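Below you'll find the structure, written out as structure tokens, and then a few comments.
We did not get these values from a lab; they are worked out from the coordinates using the rules stated. In this text the structure is predicted, and so the values were computed from the model without any measurement. FYI the Cβ positions are ideal-geometry reconstructions off the backbone, even for glycines, and counts take in every protein chain you see.
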Amino acid sequence: MIGQKIKKICKKNKVKFLINDDPILAKRLGADGCHLGQKDMNIKEARKIISKKIIGITCHNSIHLAKKAVAAKASYLAFGAFYSSKTKKTNYVANIKILKKIKKITKTPIVAIGGINSENYKNLLLNNTNFLAISGYIWNNKKYKPLEAIERLK
């Protein structure tokens with residue numbers, strides 16, 4: 001199964017292996033955790049399945065959703081899209097102001113999502129983001145192969 005191959009690659013490179021939207025699959029694969037969108041299973045149900053493993057929650061651009069996720073003991077809060085993206089349709093736009101607001105009310109790690117590339121990632125890191133979710137820039141880059149794109153982020 002491809003999930004087992006990805007898990008081995010993650011372990012070899014000392015990075016966390018998270019499954020998107022599916023705590024049951026995360027448990028089956030022995031993943032480090034999962035990420036849940038607002039339309040996915042709620043965090044309390046996911047905790048019953050994967051216990052103390054990582055569970056991240058999409059908060060779009062909402063302090064209200066972030067407060068709910070913090071109260072439910074989310075491992076991290078994901079905000080975005082910060083920039084336009086071709087990976088997913090952008091229904092919510094987040095900005096630097098929300099990062100500053102959320103850092104005042106919680107120490108829960110923050111992940112920035114959406115249109116992040118080698119030109120704009122530093123601004124997010126300088127403004128309280130703990131982690132970056134970068135997909136399109138790495139996997140759908142017409143100019144650089146994946147490893148080259150990653151190198152440009154260092």
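Based on C-alpha pairs under 8 angstrom that are at least 6 apart in sequence, the chain has a relative contact order of 14 percent. Labels on offer are (i) 15.5, 43; (ii) 14.5, 42; (iii) 15.5, 48, and the one holding Rg and Dmax of the Cα atoms in Å computed from this structure is (i). Taking Cα centre as origin and charging only the Cβ of basic (Lys, Arg, +1) and acidic (Asp, Glu, -1) residues, the dipole magnitude of the chain rounds to 360 debye. Taking amide H positions as modeled 1.01 Å from N, with prolines and chain starts lacking one, the residues under 5 Å from Ala78 and 5 or more places away or on another chain are Ile57, Thr58, Cys59, Val111. Which of the lysines could a cross-linker span from Lys142 if the Cα-Cα distance has to be under 22 Å and same-chain partners fewer than 8 positions apart are dropped? Once the sequence-local lysines are set aside, what remains near Lys142 is Lys86, Lys88, Lys89, Lys122, Lys154.
A crude spin-label estimate for the pair Ile2 and His64, with each label 7 Å from Cα along the Cβ direction, gives 3.7 nm. Note on the stretch 14-54: Lys pairs 8 or more places apart or on different chains, Cα atoms under 21 Å apart, count 16.
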